[in-house]
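Worksheet: one structure, shown below.
The values are calculated or read from the model by the stated rules, or taken from the named source; none is laboratory data. From a predicted model like this one, the values you see are computed outputs, not experimental measurements. Note that we place each Cβ from the backbone using ideal geometry, even for glycine, and neighbour counts take in every protein chain shown.
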Amino acid sequence: MYKRIVQLFHENSIDFEEYNHEPVLSYEKAEEIRNQYGFSGVESKSLFLKGKSGKYFVFITTEGVKLDTKK
């Protein structure tokens, strides 16, 4: 999937920069990485799932918000 996304960026002349860093599993670690690289913006987490039906789902939350799977 990663290679396909990079390919799409190139095909559509979309500029991007790639940063390699350790996995970010908490907002605290995200803040550390953000400060290390000088990033700005809103922290978020995303969860990419494939359902039993074969459809794909992406759930995104911002810092301080929990995903409510009942809704």
- For residue 65, which of the numbered conditions (1) of a type in the set (A, V, I, L, M, F, W, C); (2) under 28 Å from residue 7 (Cβ atoms); (3) surrounded by 10 or more Cβ atoms within 10 Å (Cβ to Cβ) fails to hold? (2)
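For residue 11, state whether it is within 23 Å of residue 63 (Cβ to Cβ), of a type in the set (D, E, K, R) and more than 15 Å from the chain's Cα centre (by Cα). Spell out how you get there, then give the answer.
On the way: within 23 Å of residue 63 (Cβ to Cβ): no; of a type in the set (D, E, K, R): yes; more than 15 Å from the chain's Cα centre (by Cα): yes.
Considered against the rule, which asks whether it is within 23 Å of residue 63 (Cβ to Cβ), of a type in the set (D, E, K, R) and more than 15 Å from the chain's Cα centre (by Cα), residue 11 comes out as no.
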- Query: Conditions: (1) within 17 Å of residue 63 (Cβ to Cβ); (2) modelled with pLDDT under 90. Residue 35 meets all but one. Number of the miss?
  - Reply: (2)
- Note on the structure: With the first residue restricted to segment 56-69 and required to be in contact (Cβ under 8 Å) with a residue 24 or more places away in the chain, and the second required to be part of a loop (DSSP other than H, G, I, E, B) and of a type outside the set (D, E, K, R), Cβ contacts under 8 Å at 6 or more apart or on different chains are 63/42
